[in-house]
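Below is one structure, written out as structure tokens; comments come after it.
The values are calculated or read from the model by the stated rules, or taken from the named source; none is laboratory data. Source: prediction; values computed, not measured. Glycine gets a Cβ as well: all are built from the backbone with ideal geometry, and neighbour counts include every protein chain shown.
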């Protein structure tokens, strides 16, 4: 039925039904929230005796415990609470019915709305709006309601809908929140926002925890805010109870979580306060007790100070800036509203092809009515070369098929917002307006965006280039391949970096490389760069300048950029800059130091593209700086229309990074001594004396921390480097050290025994060395033994060194009582050496366990297997290395310019090893080349994975079988003895199979005559005696050679 009703009739009927439903809902919630009086009729109906009073024993009406207040069973209390009980039931019922009515009304109106259209039901009792939008426009959307109620949708969320076209937003505001189970909402509005699909069903919406939805919920504007309570604290005498704070108590008991807000108005605005609090008990704070849950400082100038700078000039300057920003935001909103009203008034007088122009010395606004078809590929020109180039493909959310209006605006100075880099840019905007004067949503595709040209102030002074005297630099001293420069690119919003290089010799060519946050390296063995380009003579512009830029999509997340420049020799120019029409795309790589024959001039500037959001702040997501950006205008690529501005900063001369890295021993040292109060006083004095000024290059802060609980000292070094570009680069080093080596007598005894064992083994190894000569070093276990002895002796020596350093520090600390700084850098260095030696000693000792456990069957098999197949493994390794290097060369040369994982030989080798372990991305390889990618991948898998690895496994398997067949009897004997010992002690019980096997042995022994097997037993006994004798003779011969 509702599909046959016109939109106007549906709107009128919906308003009347919604007005009636809202009146009923507010009438039933008013008494519950204490905002209106209870009607006598409602009270009498609730307390009249029910019809089932005599028969219904479970009737709530007769349950007085349900309506009493504790032990209060008075008639007034029972009647009051009985009325509230039934009133709540009625309110819940009506609230459900009203929600259902609104759902039906919006479903009826939703079918009449297209994208960009909205419907509004605004009464004195409630507010409901319905708007149809595209899903893409939901990101970062601000849904405004009445009385400043609003929802701010984040850019990242999860929307459970299968529709990709449109959704509807149903927004609702009720003047009185439902009673529910909580009475603290009686002064609040009730707001809601629902997302509805094309079928009228609600869509589930969920934002992420770190980027939630922001809601503004207004209160009743008629609420009376109580005045502040005067606290007469000047008359109290704190010395009576020796109080440090003036304490106050508040009750925060609540069935649901609440926040607590404090407002303190000092009658003297020059005073400052310390505020502390503690839950459920009195907070205490003094020099010996710190029993608080939180604290803050109320300072009169916190809002307008620069860190710790509370000078009068700073406070007055920042206070003026603060109120100036507030006034600017207010006036900007008013001007925007005025221009919107003016253009709406003029729009009704314009036909297609007509335009209206408002051009003053301070601003430019044009209004032009065109057909929708003529918007494609349209160039909208403004003043001072400002322009919008509309693409041929876009999405325009309008139902009108006849005409639209273009409102273009240029302001000579961009809004301040939250970013100062726009102070040299014009502010330009373009809006599309329909016939009703409403803004129309416009969206271009990512691969075909809108092109904007944003001019800068034509009166801006461009600094001249900085001369780089590179001919006087001798690269052979440090064997440098490039002349490196450092620039700081720290920025709160993304920026692009533009380079202009003017060679004093126009016939020269250069290789330009760069790397973010570290030095780029490029030679025949290292390829550690983020980008590169060639500056060939035919690339020169008319003014003889090489230009290169890094767009704003690459710089976010980086703080610095280091770039290197190298002059190409004549042979490299012939190879890479052959003629004026083409350029060699391969990267010139050399190991020869640079040699500049001519100086060059350099200028670097940054640019950015920003758009203005509703809170008068600048954002840059979705905008890209274009290649046509120059010193006088910024090219921006965008997919939407709004107000835009460009950022521009000419950077100072870059740091010559070839000379950076170390500091000399000069400088000034100030040592803090004494208690904390004196240190704070000295720090203030240093600040007043400008101890850190504009000439300061770096500040080192060194201190020592001590934790008595674990007896741990920590040497802390904090470094702040002041960059010429204005930034500060900070680093921190924390080096713990423990001087207490022996925590008990047992550790000392074990250390002494260990020293004696080392001396004993050292004597044995020295005798073997004299006996065997150079043959001693041909044995693997001799090398391991030497490693253990050398690391152990080194550890003993370094330990005594550390012990001497500990005594020196202890004496110094005892003499100064800890009131001076004690440098622990040498002690930390000694402790690090001791840690390294102990680490290697543990490594060699662990390897030694393989020899000590050689009687174990499994370890013996491991060692014998490697020993048997050692020669075959070496031969296989040579063959595998040849095959692997061939594939390494193949993949590197074919895909070096197509795959990031093949950008260097090291990364290519890593990728091939991962492929060997069956960890690869086949789609990435096939995407690099449709034929060579799958062909090389298949060839590598066949030869390396299937053939080479199968050979490797065959060699190991063959060696294992051989070692197992020739296993020595002493390992079997040791296993038999261990098994008997475990069975005898009861540590291991026989399973069913072993019990059955033992029974079979006993049964077989009963049917075998002992005389028949006597000869075999005698032979076994003689073999055992012979083996024991031979082993003893071998061991005695070894000890005699060792001289033991």
> Is it fair to say residue 577 is at pLDDT 85 or above and buried (at least 18 other Cβ atoms within 10 Å of the Cβ)?
Replying inline: no
> Any chance segment 899-916 includes a residue that's closer than 19 Å to residue 955 by Cβ and assigned to a helix (DSSP H, G or I)?
Replying inline: yes
> Residues of segment 244-286 being at pLDDT below 85 and under 18 Å from residue 230 (Cβ atoms), which ones?
Replying inline: 265, 266, 267, 268, 269, 271
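Please specify each residue of segment 392-401 satisfying the condition of being closer than 23 Å to residue 438 by Cβ, part of a loop (DSSP other than H, G, I, E, B) and touching a residue at least 40 places away in the same chain (Cβ under 8 Å). Give the derivation first.
Going through segment 392-401, the residues closer than 23 Å to residue 438 by Cβ turn out to be 394-401.
Next, only the ones that are part of a loop (DSSP other than H, G, I, E, B) stay: 398-401.
Once the filter is applied, which keeps residues that are closer than 23 Å to residue 438 by Cβ, part of a loop (DSSP other than H, G, I, E, B) and touching a residue at least 40 places away in the same chain (Cβ under 8 Å), segment 392-401 yields 398, 399.
Which ones in segment 591-618 are part of a strand (DSSP E or B) and either over 30 Å from residue 525 (Cα atoms) or out of contact with any strand residue (DSSP E or B) (no Cβ under 6 Å at 6 or more places or on another chain) (or both)?
At the first step, the residues of segment 591-618 found to be part of a strand (DSSP E or B) are 600-612, 618.
Result: 601, 603, 604, 605, 606, 607, 608, 609, 610, 611, 612, 618.
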> If you take the residues of segment 194-232 that are closer than 17 Å to residue 167 by Cα and part of a loop (DSSP other than H, G, I, E, B), which of them is nearest to the chain's Cα centre (by Cα)?
Replying inline: 203
> Looking only at segment 209-247, which residues are loosely packed, with under 11 Cβ neighbours inside 10 Å and assigned by TED's automatic domain parsing to the domain that holds residue 171?
Replying inline: 209, 210
>> Can you tell me which residue is modelled with the lowest pLDDT among those in segment 638-696 that are farther than 28 Å from residue 494 by Cα and in contact with a helix residue (DSSP H, G or I) (Cβ under 9 Å, 6 or more places away or on another chain)?
In response: 674
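Does residue 587 satisfy the condition of being within 35 Å of the chain's Cα centre (by Cα), part of a strand (DSSP E or B) and not assigned by TED's automatic domain parsing to the domain that holds residue 156? Before you say what the answer is, go through the steps one by one.
On the way: within 35 Å of the chain's Cα centre (by Cα): yes; part of a strand (DSSP E or B): no; not assigned by TED's automatic domain parsing to the domain that holds residue 156: yes.
Considered against the rule, which asks whether it is within 35 Å of the chain's Cα centre (by Cα), part of a strand (DSSP E or B) and not assigned by TED's automatic domain parsing to the domain that holds residue 156, residue 587 comes out as no.
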> Out of segment 99-136, which residues are modelled with pLDDT of 80 or more and either part of a helix (DSSP H, G or I) or surrounded by fewer than 17 Cβ atoms within 10 Å (Cβ to Cβ) (or both)?
Replying inline: 134, 135
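Return the only residue of 404, 432, 395 being assigned by TED's automatic domain parsing to the domain that holds residue 355, modelled with pLDDT of 80 or more and over 23 Å from residue 139 (Cβ atoms). Steps first, please.
Details: 432 fails: over 23 Å from residue 139 (Cβ atoms); 395 fails: over 23 Å from residue 139 (Cβ atoms).
The conditions single out 404.
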> Which of (1) more than 39 Å from the chain's Cα centre (by Cα); (2) more than 21 Å from residue 398 (Cα to Cα); (3) outside any strand (DSSP E or B) is the odd one out, the single condition residue 154 does not satisfy?
Replying inline: (1)
> Would you call residue 439 closer than 23 Å to residue 322 by Cβ and either at pLDDT 80 or above or touching a strand residue (DSSP E or B) at 6+ places or on another chain (Cβ under 6 Å) (or both)?
Replying inline: no
